[in-house]
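Colleague: Shown below is the structure under consideration.
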Amino acid sequence: QVQVVESGGGLVQPGGSLRLSCAASGKVFSSYVMEWHRQAPGQQRELVAHITGDASPYYPESVKGRFTISRDNAKNTVYLQMNSLKPEDTAVYYCNAYWNTRNNWGQGTQVTVSS
C-alpha cells in the first residue's frame, strides 16, 4: 500500500498562483506514475496533470499553459504549480500514485479561487 499525502491548498485570488505538494511512500517512487485530479462540487473527478517516471508530463487543454507538474524522486514528492488561477479551478485536488496496476489516492486538499 502506497501512502499519499497532499498539502498546499488554500484560498487565492483570481490570477494568483499556488503550489501543491504530494508525498508518496515507498522505495520505488521513481517507478510511480503520479497524477493530480480535481473534483468540484457536483462534478466528476477530472485529471489535471500526469507525469511518468521519466518525468514526461501530460495536461488536458483546460489547464495547459497554466499548470506545471514536476517530481523530485529524491524526496518522493510531486508538485503541481498552478498559475493564472480562475474561479473555475476551485475544487478539491487529489494526488494519485499509480503503481503495480493500483491507484493510491490521497485525501485531497481544497483549492478555492475567489476574490
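The values are calculated or read from the model by the stated rules, or taken from the named source; none is laboratory data. Since this is a predicted model, take the numbers as computed values, not measurements. Heads up, the Cβs are rebuilt from the backbone with ideal geometry, glycines too, and the neighbour counts pull from every protein chain shown. Accessible surface areas use protein heavy atoms only, side chains included; no ligands, DNA or RNA. Shrake-Rupley method; radii C 1.70, N 1.55, O 1.52, S 1.80 Å.
Colleague: Roughly how many percent of the accessible protein surface of the chain is carbon and sulfur, given a 1.4 Å probe and a whole-percent answer?
Modeller: 47
Colleague: In addition: Within 14 Å, Cβ to Cβ, of Gly26, how many net charges do the neighbouring residues add up to if Lys/Arg are +1 and Asp/Glu are -1?
Modeller: The answer is +4.
Colleague: Out of the trypsin sites (Lys or Arg not before Pro) in region 28-91, which ones are loop residues according to DSSP with at most 13 other C-beta atoms within 10 Å?
Modeller: Those satisfying the criteria are Lys64.
Colleague: Using each residue's phi in region 85-98, evaluate 6.51 cos²θ - 1.76 cosθ + 1.60 at θ = phi - 60° and report the 3J(HN,Hα) Karplus result to the nearest Hz, with x for Gly and Pro.
Modeller: Taking θ as phi minus 60°, the curve returns 5, 10, x, 6, 7, 4, 4, 8, 9, 10, 9, 10, 9, 9 Hz for region 85-98.
Colleague: On a straight-distance basis, which aspartates and glutamates could pair with Lys75 in a cross-link, Cα separation under 19 angstrom, same-chain partners fewer than 8 positions away excluded?
Modeller: Glu6, Glu35, Asp54
Colleague: Right, something else. With every protein chain left in place, what is the accessible area per residue of the chain in square angstrom, probe 1.4 Å?
Modeller: With all protein chains present, the chain gives 53 Å² per residue.
Colleague: Can you sort Val111, Val5 by solvent-accessible area, 1.4 Å probe, largest first?
Modeller: These residues rank, largest area first, as Val5, Val111.
Colleague: Taking amide hydrogens as modeled 1.01 Å from N in the peptide plane, which residues meet the under 5 Å criterion relative to Ala49, leaving out close sequence neighbours?
Modeller: Close amide H contacts, sequence-distant or interchain: Trp36.
Colleague: Can you list the HN-Hα couplings for region 54-68, worked out from phi with the Karplus curve (6.51, -1.76, 1.60; θ = phi - 60°), rounded to whole Hz and with x for Gly and Pro?
Modeller: Once θ is set to phi - 60°, the couplings for region 54-68 become 8, 6, 8, x, 9, 9, x, 4, 4, 10, 4, x, 10, 9, 9 Hz.
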